[in-house]
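Novice: Below you will find the structure I want to go over with you.
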Amino acid sequence: RIFGRSIDLRNFAGATYDSNGNITHGLVRNKEWVIEEIGADERGIYIRSSFNTEGYPEIVEKFGKAKIILVYALSGNQLSIKVHIENLDSHSIMMSLAFHPWLKVPANRSNWQVMIPAIKAWPAQDQLPMGLPVYIEGSELDLRQPKFLDAESVYDLVFTALNFEGGKWAISRIWNFE
């Protein structure tokens with residue numbers, strides 16, 4: 001649902017839906033990945049892992065045969081993620097990859113702060129972005145300055161229009177003052 005338009009995937013062969021009516025996603029997050037390499041070089045440390053759908057008939061049936069390769073690299077205080085998807089099937093496959101970083105904080109959040117350098121967020125309905133991004137300046141979603149978390153704080157949204165520090169990096173932070 002973007003710019004007032006929607007894409008109807010109900011006719012997508014083999015599509016299944018979650019309890020909110022959204023197309024099933026997150027199929028590989030809890031599967032076993034192969035650690036191919038762990039190392040260090042002059043730039044920092046890295047880990048390379050892969051996942052092959054061929055070992056999971058329920059995924060092959062819906063999306064086809066593929067190998068997903070992820071490389072996480074830490075250089076100084078910068079984390080980068082590189083992705084390569086290799087089509088192992090005899091035909092084109094449909095696949096999408098998204099990162100949804102979740103950070104678990106304890107029930108007592110009074111010492112935790114969050115900062116997200118965004119000036120807009122996408123309104124959501126049933127966990128899906130709707131319409132155009134809206135300005136959040138001055139609202140409870142305005143997290144450009146550190147904000148202490150409370151028991152009800154949930155930021156399961158798409159934040160956008162980010163402030164890039166030095167023109168290069170958009171940095172979000174969560175930290176504990178204990």
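The values are calculated or read from the model by the stated rules, or taken from the named source; none is laboratory data. Treat the numbers as computed from the prediction; the structure is a model and nothing was measured. Cβ atoms come from the backbone with ideal geometry, glycine included; neighbour counts cover every protein chain shown. Just the protein is used for accessible areas: all its heavy atoms, side chains included, with ligands, DNA and RNA removed. Shrake-Rupley method; radii C 1.70, N 1.55, O 1.52, S 1.80 Å.
Novice: Determine how large the accessible area of Asp142 is when every protein chain is in place; take a 1.4 Å probe and give Å² rounded to the nearest 10.
Specialist: 40
Novice: Starting from 0.36 nm per residue, how many nanometres of slack lie between Leu97 and Lys65 once their C-alpha separation is accounted for?
Specialist: 10.0 nm
Novice: Hey, can you rank 159-168, 54-63 by average C-beta count inside 10 Å, highest first?
Specialist: Packing order, densest peptide first, comes out as 54-63, 159-168.
Novice: Which distance in nm do the two modelled labels at Asn108 and Ile45 give, with both placed 7 Å along the Cα-to-Cβ direction?
Specialist: Distance between the two pseudo-spin positions: 2.9 nm.
Novice: Given the protein chains as shown and a 1.4 Å probe, how many square angstrom of Ser19 are accessible, to the nearest 10?
Specialist: In the full protein context, Ser19 sits at about 120 Å².
Novice: May I ask you to compute the full-extension gain from Ile35 to Ala161, defined as 0.36 nm times their residue separation minus their alpha-carbon distance, rounded to one decimal in nm?
Specialist: 41.9 nm
Novice: Modelled label-to-label distance, Ile174 and Leu74, 7 Å Cα→beta-carbon offset: nm?
Specialist: Those two pseudo-labels are separated by 1.7 nm.
Novice: Return the subset of Lys82/Lys168; Lys65/Lys168; Lys31/Lys120; Lys82/Lys147; Lys120/Lys147 for which the Cα-Cα distance in this structure is over 25 Å, preserving the input order.
Specialist: Lys65/Lys168; Lys31/Lys120; Lys82/Lys147
Novice: Figure the gain on full extension for Leu128 and Glu58 (residue separation times 0.36 nm, minus the Cα-Cα span) and round it to one decimal in nm.
Specialist: 22.8 nm
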